[in-house]
Amino acid sequence: MRKVLLLLLAAWACQAMATTQQFVVEVENMLNLARTDVPVVIDVAQLSLPFELQSATVYVGDKEIPSQCDDLDGDKRVDEVAFLIDVVP
């Protein structure tokens, strides 16, 4: 079964103005068993964003789920968005 996720990515130019972009991501469980807390990592470089990512919000349906933006190389830029989801067969 596929789980459809919505990613809202944002860059804040200033408090009054923000650039946002939405992505729909499908995660498919290839195993024939239910799994909980499956890590999902989105590589920001592969998204080809027209702005520098500063925050992300992840939704499963209408529900926001915890996520984090990671700077893996210490350059003060977001390299990935990571979160955990439950999937069923």
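The values are calculated or read from the model by the stated rules, or taken from the named source; none is laboratory data. None of these values were measured; they are calculated from a predicted model. Cβ atoms come from the backbone with ideal geometry, glycine included; neighbour counts cover every protein chain shown. Protein only, heavy atoms only, side chains kept; ligands, DNA and RNA dropped before computing areas. Shrake-Rupley method; radii C 1.70, N 1.55, O 1.52, S 1.80 Å.
Summed over region 65-89, the residues that are more than 19 Å from Asn29 (Cα to Cα), open to solvent by 70 Å² or more (accessible area, probe 1.4 Å) and touching a strand residue (DSSP E or B) at 6+ places or on another chain (Cβ under 6 Å) give a count of 1. In region 31-55, the qualifying residues are those that are in a strand (DSSP E or B) and within 16 Å of the chain's Cα centre (by Cα), and the one that is surrounded by the most Cβ atoms within 10 Å (Cβ to Cβ) is Ile42.
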